[in-house]
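Before any comments, here is the structure.
Read-outs: derived from the displayed coordinates by stated rules, not from any lab. Given the structure is predicted, the values throughout are model-derived calculations rather than measurements. So basically every Cβ, Gly included, is an ideal-geometry build from the backbone, and we count neighbours across all protein chains shown.
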Amino acid sequence: MARIVPPRLSWPPGVLLLWANDLARRFVWGSLTWNPASINATTTVDTTFSDLTLYPELKGLRAGMPVTVTPPSDLNAALGVIGCWCPADDRLTIRLRNFSAGAIDQGSGTWGFTQVLT
């Protein structure tokens, strides 16, 4: 695993710029608008986003690398994001769980994601 060296105040500006560019290339981040399908009571649902025509922001995600997902702020309290991963390059899968006794239709929202490439 590559080690990221923190910048030093004594580094010349050109070296700091190279360090910042290297750091920026190690991150893939973006957001997508998603309206999850209605989820039945006590059910887990996986949704995979793979169409780069609809979701060009997924370009650069790599299979096998850790990824995090940030749900919209109005996520229903009975829904949980219990997993996310990249099953293949440029794809993202989000696993939602309905912990309630009734069906939940979350509605559309903006979901963020971040992946650190090593």
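Among the chymotrypsin sites (Phe, Trp or Tyr not before Pro) in the stretch 57-118, those located in a DSSP loop and surrounded by at most 16 other Cβ atoms within 10 Å of their own Cβ are PHE99.
Taking the average, over residues, of other Cβ atoms within 10 Å as the packing measure, peptides 58-65, 19-26 rank 58-65, 19-26 from highest down. Available extension along the chain between ASP105 and VAL45 is 20.3 nm, counting 0.36 nm per residue and deducting the alpha carbon span. The chain: percent of C-alpha pairs farther apart than 16 Å? Of all Cα-Cα pairs in the chain, 65 percent lie more than 16 Å apart.
Across the stretch 78-85, rounded Karplus estimates of 3J(HN,Hα) from the backbone phi angles (6.51 cos²θ - 1.76 cosθ + 1.60, θ = phi - 60°) give 8, 9, x, 7, 9, x, 7, 6 Hz, Gly and Pro being marked x. Relative to the longest principal axis of the Cα atoms of the chain, the long axis of helix 13-25 lies at roughly 30 degrees.
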